[in-house]
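Everything below concerns the one structure shown next.
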Amino acid sequence: PSTNSRNCNTMTIHLYGLLRLDDREVSSVNLSTRDFSEQVAVYARNATTLARSLKIHGIPFTLLTNRKDIVTAHVEAALPVEEIPFTTQVPHGTKFYSAHFKLDAFRYLATVSHEYVGLCDLDMICLRAIPSCLHTMIAAKMPLYYDISDQVIPAYGHEIIMNNLRSIHGFATEGRWYGGEFISGPPSFFEALTRTIEEIYPRYITNISSMHHVGDE
């Protein structure tokens with residue numbers, strides 16, 4: 001990194017990943033494995049690779065799970081693994097079943113002592129150091145998330161997306177669609193986000209069968 005990017009501020013981001021296990025739900029859409037054990041091994045290797053790449057650039061990473069006993073058998077001993085409570089109710093058989101428990105991860109991130117945190121998918125790696133623009137966002141405690149509207153709107157239609165969103169939260173919006181790959185902010189952001197999700201989650205479950213797409217988003 002450049003001198004400017006290193007010195008613009010001392011605050012950094014503490015990243016987290018999620019590996020919520022349920023052997024009754026071998027329902028990964030983007031992964032083909034023979035059984036639950038192999039599925040766990042693949043995600044654990046992904047988490048280890050991600051953690052290694054982040055460590056090179058000085059970014060701490062913690063893996064959140066509901067089964068620390070299983071996960072620690074598959075990851076490096078140096079990788080922090082935290083077992084957290086999971087209370088979100090998800091209908092069995094739902095696509096991207098485990099991704100819905102990101103709500104519990106958000107609830108946990110609202111309680112941590114770090115000044116700025118983020119949740120990212122495990123099938124990612126960090127190739128470069130934190131750029132100065134991200135340092136600036138972190139210093140300002142600005143929430144960040146991955147906007148995939150330019151991909152989704154042409155594929156499904158803007159009106160469909162706006163109607164889907166309206167059926168969940170009850171009011172008209174611009175119709176932006178945000179991906180599940182990365183979201184960050186101060187704990188206070190995740191506290192506010194959790195409150196909002198909890199308010200609309202029952203309507204989401206009621207309308208889930210009519211959604212144009214159910215995924216990590």
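Per residue of the chain, what 222 nm ellipticity follows from adding -39500 (n - 2.57) for every DSSP H run with n ≥ 4, rounded to the nearest 500?
Working: 8 runs with 87 residues, N = 217.
Using -39500 (n - 2.57) per qualifying helix, the result is -12000 deg cm²/dmol.
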Among S98, S210, S149, what's the order by accessible area (1.4 angstrom probe), most exposed first? S210, S98, S149
Relative contact order of the chain, please, whole-number percent, based on alpha carbon pairs below 8 angstrom and at least 6 residues apart. 26 percent
Tell me, what is the 1.4 Å probe accessible area of Y108, in Å² to the nearest 10? 50 Å²
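What's the extension gain from Y178 to A73 if we count 0.36 nm per residue and subtract their Cα-Cα distance?
Working: separation 105, 0.36 × 105 = 37.80 nm, distance 3.35 nm.
Once the chain is fully extended between Y178 and A73, it gains 34.5 nm.
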Rounded to the nearest 5, what is the percent of antiparallel bridges among the DSSP beta bridges in the chain? 40 percent
Any aspartates and glutamates whose Cα falls less than 14 Å from that of K95, other than same-chain ones fewer than 8 residues away, would be D22, E25, D216, E217
Under a straight-distance cross-link criterion of Cα-Cα below 17 Å, which aspartates and glutamates are reachable from K141, leaving out those fewer than 8 residues away in the same chain? E115, E191
Label-point separation in nm, I160 to S132, each point 7 Å along Cα→Cβ: 4.4 nm
Can you work out the Karplus-derived ³J(HN,Hα) for every residue in the range 132-143? Use 6.51 cos²θ - 1.76 cosθ + 1.60 with θ = phi - 60°, whole Hz, and x for glycine or proline. 4, 5, 6, 4, 5, 5, 5, 4, 7, 6, 8, x
For the range 110-217, what relative contact order do you get, as a whole percent, if you take Cα pairs closer than 8 Å and at least 6 residues apart? 40 percent
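Compute the longest continuous run of the chain that contains no exposed trypsin sites (Lys or Arg not before Pro); treat a site as exposed when its DSSP state is not H, G, I, E or B and it has at most 11 other Cβ atoms within 10 Å. Each step should come with its number before you reach the end.
Working: sites that count: R24, R34, R128.
So the longest stretch without any such site is 35-127.
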Probe 1.4 Å, all chains present, heavy atoms only: T49 accessible area in Å², nearest 10, is 70 Å²
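Suppose every Lys and Arg Cβ carries +1 and every Asp and Glu Cβ carries -1, with no other charges. What dipole size does the chain come out with about its Cα centre, to the nearest 20 debye? If you can, show how the numbers build up before the last one.
Values: 18 positive and 23 negative charges, 71 e Å.
So the magnitude is around 340 debye.
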Find the accessible area per residue for the range 84-194; the probe is 1.4 Å, ligands and nucleic acids are left out, and the unit is Å². 51 Å²
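May I ask you to rank I59, I200, I125 by accessible area, largest first, using a 1.4 Å probe over the protein chains only? Walk me through the numbers before you get to the answer.
Values: I59 15, I200 40, I125 100 Å².
Per-residue accessible area, sorted high to low, gives I125, I200, I59.
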Taking all protein chains in place and a 1.4 Å probe, what share, in percent, of the accessible surface of the range 121-217 do carbon and sulfur account for? 58 percent
Can you list the HN-Hα couplings for the range 43-55, worked out from phi with the Karplus curve (6.51, -1.76, 1.60; θ = phi - 60°), rounded to whole Hz and with x for Gly and Pro? 5, 5, 5, 4, 4, 5, 5, 4, 4, 4, 5, 5, 4
One finds, for E198 and I56 with R0 = 45 angstrom and r their Cβ-Cβ distance, a FRET efficiency to the nearest 0.05 of 0.75
Starting from the Cα of K68, draw a straight line to each of the aspartates and glutamates and keep only those under 12 Å, dropping any in the same chain fewer than 8 residues away. E82, E83
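The values are calculated or read from the model by the stated rules, or taken from the named source; none is laboratory data. These numbers were taken from a predicted model, which means no experiment stands behind them. Backbone-built Cβ (ideal geometry, glycine too); neighbour counts: all protein chains shown. Keep in mind that these areas ignore ligands, DNA and RNA; they rest on the heavy atoms of the full protein, side chains included. Shrake-Rupley method; radii C 1.70, N 1.55, O 1.52, S 1.80 Å.
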